[in-house]
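The values are calculated or read from the model by the stated rules, or taken from the named source; none is laboratory data. Worth saying up front: this structure is predicted, and the values here are computed from it rather than measured. In this analysis, Cβ positions are derived from the backbone assuming ideal geometry, glycine residues included, and neighbour counts consider all displayed protein chains.
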Amino acid sequence: MLFATPLYAQEAPAAGYNPESILALKSLQLLDQRLNAIGYRLVEANTPYCTDRIVQAGLLLHDIDQYPDHAIARFALGFDGPIAINAVAPDSPGAAAGLFAGDDILAINGMTVADIPLDDPEIMKEAMDYRRIAAVNNLLDNALSQGDVVLEILRGGEQRQVTVESRPSCPSRFQIEVSADRGASANGKIVSVTSRLAEYFLNDDEFSAVIAHELAHNLLKHRDQLDAQSVNRGFFGQLGKSAGRIKSTEIEADRLSVWLMINAGYDPQAAIRFWTRYGKEHGKGIFSASTHYRWKKRVDLFEEEMAKMAVMQPVDGKYAPPLLVKMN
Ligand SMILES: [Zn+2]
């Protein structure tokens, strides 16, 4: 494995992010791999409690067109063709199939990447450089939803065929967003964590606390709820009634996060450690705007949830999260 200079060694990752630098691409890939690994573990471990499930292989794919300099992307990330694997989550169907980052995807169930149609209206909504990867992801998702999938890959100049198991999990995918700001968000389907925030975590338990909070928003369908109530989530959404509704979704996300963490084998106490450290270092900011509880109150919520777990009998080592049970 190539060890790259981590992004945190730079002044400001977004400003200093030079897509033509091999180390920058490799650092970004390492963050994506870490996020994908923790995120997949959270969605996989909590599957029994999710009503809506999706089938995903724990793979993060990328397109060479996402990178301005193709020669550097080929060298740093192992592209031979247009579509390659960026990350494979441990213990995922992708890992079980023996797939690795750097493997090129040539065909999915016999459909070659070059022949995948890009004229679907949904695909046309994507920016030009993201249409092919969106189409490939859709094809893979659809194929997996119908059963095991045969992937044709290219590794070290050799063509191989692997079979990827169709295995359900809670919905959500994970991606790093290159930014100098510390932030994380959930759009209902994807959890995004900025590169700047991803570098801030001391360990995977802390990282899992933030991913679990954002994942909780997705699993509890908060985005749909807020849209249905036409809550203004923009700047003025911080005021009045909107703020109250958003705050209640934040409280729910905090409460559910520690259950998601413990079920995936992460230490829920890390949520307290992380948010306390973050709260002390950032008196103001995204996590403590009027819609978000101040960190001391958030710690109380985590402690309340952990007290509930302490008197519960786990089933197969897992604790049924009350907020998800309520949805079923
Ligand atoms: Zn939140």
| task | Can you work out which of the residues in the range 310-328 that are assigned to a helix (DSSP H, G or I) and not small (Gly, Ala, Ser) is surrounded by the fewest Cβ atoms within 10 Å (Cβ to Cβ)? | result | Lys326
| request: Return yes when Ser242 is at pLDDT below 80, within 14 Å of the ligand (Cβ to nearest atom) and not aliphatic (A, V, I, L, M) and no when it is not. | output: no
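Conditions (1) touching a strand residue (DSSP E or B) at 6+ places or on another chain (Cβ under 7 Å); (2) modelled with pLDDT of 95 or more, marked per residue:
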position	(1), (2)
Ile190	yes, no
Asp205	no, yes
Ser208	no, yes
Glu214	yes, yes
Gln229	no, no
Gly237	no, no
Ile246	no, no
Thr249	no, no
| message | So, restricting to strands (runs of 3 or more DSSP E) that lie completely within the range 170-216, which ones have at least 1 residues that are surrounded by 24 or more Cβ atoms within 10 Å (Cβ to Cβ)? | response | 173-177, 190-194
| request: Starting from the range 178-191, keep only residues that are under 19 Å from Tyr278 (Cα atoms), then list their pairs with residues that are among the basic types (Lys, Arg) and away from the ligand (no atom under 11 Å from the Cβ) whose Cβ atoms are within a distance under 7 Å, requiring at least 6 positions of separation or different chains. | output: Ser179/Arg196; Ala180/Arg196; Asp181/Arg196; Arg182/Arg196
| Complete set of residues in the range 147-169 that are in contact with a strand residue (DSSP E or B) (Cβ under 7 Å, 6 or more places away or on another chain) and part of a loop (DSSP other than H, G, I, E, B) | Asp148, Ser166, Arg167
| said: Within the range 217-231, take every residue that is of a type outside the set (Gly, Ala, Ser) and part of a loop (DSSP other than H, G, I, E, B) and give me the one that is surrounded by the fewest Cβ atoms within 10 Å (Cβ to Cβ). | reply: Gln229
| Inter-residue pairs, beta-carbon under 9 Å, first closer than 15 Å to Asn218 by Cα and in the same structural domain as Phe207 (by TED's automatic domain parsing) and in the range 254-266, second among the hydroxyl-bearing types (Ser, Thr, Tyr) and within 13 Å of the ligand (Cβ to nearest atom), 6+ apart | Asp254/Tyr293
| Those residues of the range 34-55 which are among the polar types (S, T, N, Q), farther than 13 Å from Ile190 by Cα and buried (at least 24 other Cβ atoms within 10 Å of the Cβ), in sequence order | Asn46
